[in-house]
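J.: Take this structure, written in structure tokens, and hold onto it; I'll ask about it next.
The values are calculated or read from the model by the stated rules, or taken from the named source; none is laboratory data. The structure presented is a predicted model; accordingly, all values stated were derived computationally and were not measured. Using ideal geometry, Cβ is built from the backbone for each residue, glycine included, and neighbour counts are taken over all protein chains shown.
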Amino acid sequence: MIRAAAEQDVARLAELEAACFGADAWSARLLSAELIAPGRTVLVDEADDGLLAYGSITVLGDVADLTRIAVDLGHRRRGVAARMLDELLVRASRSAATRMLLEVAETNATARALYARAGFAELARRRAYYADGGDALVLQKELPERRLAPEGARD
């Protein structure tokens with residue numbers, strides 16, 4: 001079940017960060033700040049056995065930036081990241097955003113394949129973007145016309 005992240009999730013989000021992003025991981029303090037920052041949407045995917053993944057976007061004007069998707073190592077290759085990405089795209093489409101941008105490590109073939117399947121295309125390259133000196137690819141996807149949330153739905 002995908003739901004809005006809450007302060008009680010921060011410790012687990014920090015664990016996911018460390019496992020997924022290593023030296024580029026966000027701190028618990030930064031994650032906590034993300035939950036309340038303007039224009040941010042932070043979601044978690046939760047099952048009976050715990051938190052499977054989290055994802056976040058920042059919407060500023062007509063651009064939504066996909067800032068994170070992190071999936072528990074034991075739940076990868078089960079469609080969890082695709083489900084999170086789909087929900088983040090829906091949330092971005094409900095805003096004023098007309099496109100979504102993201103950075104992905106050039107060496108992360110799995111994530112690059114996920115984004116390609118979702119319709120993202122390469123826009124630019126950021127050299128030595130990551131702590132290990134690796135390059136980031138900037139990807140973009142045009143968003144469909146604004147979709148309003150169904151009556152009674154909450155973010």
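J.: Can you say whether Gly119 is at pLDDT 95 or above and either exposed (fewer than 11 other Cβ atoms within 10 Å of the Cβ) or farther than 19 Å from Gly22 by Cα (or both), as far as the supplied structure shows?
T.: On the way: at pLDDT 95 or above: yes; either exposed (fewer than 11 other Cβ atoms within 10 Å of the Cβ) or farther than 19 Å from Gly22 by Cα (or both): yes.
Yes.
J.: Restricting the search to segment 87-106, which residues are of a type in the set (A, V, I, L, M, F, W, C), outside any strand (DSSP E or B) and buried (at least 18 other Cβ atoms within 10 Å of the Cβ)?
T.: Listed by number, the residues that qualify are Leu88, Leu89, Ala92, Ala97.
Yes/no per residue for (1) of a type outside the set (Ser, Thr, Tyr); (2) modelled with pLDDT of 95 or more:
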position	(1), (2)
Val42	yes, yes
Asp49	yes, no
Tyr54	no, yes
Ala82	yes, yes
Leu85	yes, yes
Leu102	yes, yes
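J.: Let me ask something else. Mind counting the residues in segment 13-24 that are surrounded by 18 or more Cβ atoms within 10 Å (Cβ to Cβ) and either modelled with pLDDT of 95 or more or among the aliphatic types (A, V, I, L, M) (or both)?
T.: Total meeting the criteria: 3.
J.: Could you grab me the full set of residues in segment 107-129 that are within 23 Å of Val80 (Cβ to Cβ) and part of a loop (DSSP other than H, G, I, E, B)?
T.: Passing the criteria: Thr107, Asn108, Ala118, Gly119, Phe120.
J.: Do we have Asp48 as over 13 Å from the mean Cα position of the chain (by Cα) and more than 20 Å from Ala105 (Cα to Cα) here?
T.: So Asp48 passes the test.
J.: Report, by residue number, each residue of segment 52-67 that is closer than 14 Å to Ala4 by Cα and either within 8 Å of the chain's Cα centre (by Cα) or not in a strand (DSSP E or B) (or both).
T.: Matches in segment 52-67: Tyr54, Gly55, Ser56, Ile57.
J.: Something else now. On the basis of being among the aliphatic types (A, V, I, L, M) and either in a loop (DSSP other than H, G, I, E, B) or at pLDDT below 95 (or both), does Leu148 make the cut?
T.: Numbers: among the aliphatic types (A, V, I, L, M): yes; either in a loop (DSSP other than H, G, I, E, B) or at pLDDT below 95 (or both): yes.
Against the criterion (among the aliphatic types (A, V, I, L, M) and either in a loop (DSSP other than H, G, I, E, B) or at pLDDT below 95 (or both)), Leu148 qualifies.
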